[in-house]
Amino acid sequence: MSATDGANSRLTHAAPRLVLVVEDDTDSAKFLKEFLEQNNYSVMLAKDGGQAKSSFVMHKPDFVIMDIILGGESGFEICDRMKTEDESIPVLMLSVIDMPDSLDLAQRVGANGYLTKPFDPDELLELIPQIAQEVWEKSHFSGPREDRRIRFNCACGKKFKVSPTHRGKSLTCPSCGETVVVPRHL
């Protein structure tokens, strides 16, 4: 069994159990941990990128809930690294930032969901299995990611379709001459 098979088999029924919460605010982290544990989730806490990376690599959580505003690295940077490591693990961004640009950036770095604070705890409980199911279905029914072309647009409107091997690389738009970075995650 490959590492990918192991990661995907944990979500066979899209029922995550081990949740990694990346939150630097002690009160928020404590609330999330207690709330999720009351609802039958096992919870690991990380307060920064270093702890998040260690927990992610060593324990392979089934689901990640991550604040955007953290000390040191942002949640966007951490999410991007996690999704590069293993895109089959769902990530829900949880933030006070309620702006379209923030949501757009979260999607570009691979986040599977976005919830603004303050949030309804019942909505969070609904989102976890829903997002886990969507990620599981995408990984099982859309075929290998390497077989799909990356489609994106330049700010000038020029449409691109490139090989997945170009993820994260820069290219020059032939229409406007601007530098465009191929998205790592879509």
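Contact annotation: residue pairs with Cβ atoms under 8 Å, 6 or more positions apart or on different chains, pairing a residue in region 137-159 that is more than 18 Å from S88 (Cβ to Cβ) and at pLDDT 65 or above with a partner that is assigned to a loop (DSSP other than H, G, I, E, B) and aliphatic (A, V, I, L, M), are I150/V182; I150/L186; R151/L186; F152/V182; F152/L186.
In region 13-30 there is at least one residue matching the filter, namely being more than 16 Å from the chain's Cα centre (by Cα), of a type outside the set (G, A, S), closer than 20 Å to I131 by Cα and at pLDDT below 95. When we screen S88, S74 for residues that are touching a residue at least 12 places away in the same chain (Cβ under 8 Å) and among the hydroxyl-bearing types (S, T, Y), the only hit is S88.
The values are calculated or read from the model by the stated rules, or taken from the named source; none is laboratory data. Note that the coordinates shown come from a computational prediction; the quantities given were computed from them, not determined experimentally. Backbone-built Cβ (ideal geometry, glycine too); neighbour counts: all protein chains shown.
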